[in-house]
Amino acid sequence: MNYLAHTALSKATPMSLIGNLLGDFMKGVELHTLYPEIREGLDNHRKVDALTDQHPEVVNLKPLFQAHTRRFAGVAIDIYFDYLLCKHWDSFYERPLAEFIKQTYALLDNSRHLVPGETMRFALRRMTTQDWFSAYRDEDIIFKVIERAVSRIRYRNQFIDSIRDIEQNRLVIEDAFLALYPALMTLAEQNPRHACA
């Protein structure tokens, strides 16, 4: 799962939110320095990632990717799932997506002093000022996010072709997401259409 999903699957507290996002920014962060609630959020992030990676519907997506893009498939799928979460948000949550995004950004902006590590602080500033979550509603933007992720890989690759793999298998990937997300909500102890109420 990517940033929006990890945010949605956190508790509505600043420390839980930070912990659930921290999983992608652990470089240089000492676990023993974290507040317990941030650690709990980080643990939830890791459980969400583990369930996603092991879920049969997601495992069955990997063979749909070309041999030379398969190594990157998990990352590409995670990013694309944020687009699908935006698309199907109203199926899972009562609070409108725009309202959830506004509240999340406010929590992050008011909690910067709790964020461990400059890397994460820098990323969260960009996330809120550039309004990443609203942009995720646009499939073309999500494909650009995948392109940027590919560009950060230090060795030569053809992972950009994973976008074509997604385009050719949209419906299967969407069905997998719709099977997976309720299981993630159960893991996070949320009830569909009530989690953000």
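The values are calculated or read from the model by the stated rules, or taken from the named source; none is laboratory data. Since we're looking at a predicted model, the values are computed, not measured. Virtual Cβ from ideal backbone geometry, glycine too; neighbours counted across all protein chains shown. Only protein heavy atoms, including side chains, enter the accessible area calculation; ligands, DNA and RNA are left aside. Shrake-Rupley method; radii C 1.70, N 1.55, O 1.52, S 1.80 Å.
Output the number of the condition that residue 67 fails; it satisfies all remaining conditions of (1) part of a loop (DSSP other than H, G, I, E, B); (2) among the hydrophobic types (A, V, I, L, M, F, W, C); (3) touching a residue at least 60 places away in the same chain (Cβ under 8 Å).
Tallying (1) part of a loop (DSSP other than H, G, I, E, B); (2) among the hydrophobic types (A, V, I, L, M, F, W, C); (3) touching a residue at least 60 places away in the same chain (Cβ under 8 Å), residue 67 fails exactly one: (3).
Looking at the range 103-119, is at least one residue in contact with a Phe, Trp or Tyr (Cβ under 6 Å, 6 or more places away or on another chain) and buried (at least 20 other Cβ atoms within 10 Å of the Cβ)?
Looking for residues that are in contact with a Phe, Trp or Tyr (Cβ under 6 Å, 6 or more places away or on another chain) and buried (at least 20 other Cβ atoms within 10 Å of the Cβ), one finds none in the range 103-119, hence no.
Scan the range 91-108 and give yes if some residue there is at pLDDT below 95, in contact with a Leu (Cβ under 8 Å, 6 or more places away or on another chain), among the hydrophobic types (A, V, I, L, M, F, W, C) and within 20 Å of residue 23 (Cα to Cα), otherwise no.
yes
Looking at the range 5-59, which of the residues that are closer than 11 Å to residue 116 by Cα and of a type in the set (Gly, Ala, Ser) is least open to solvent (accessible area, probe 1.4 Å)?
19
Show the residue pairs meeting these rules: Cβ distance below 8 Å; 6+ apart or different chains; first residue within the range 134-157 and of a type in the set (Ser, Thr, Tyr); second residue loosely packed, with under 14 Cβ neighbours inside 10 Å and modelled with pLDDT of 95 or more.
Partner pairs satisfying both residue conditions: 134/98.
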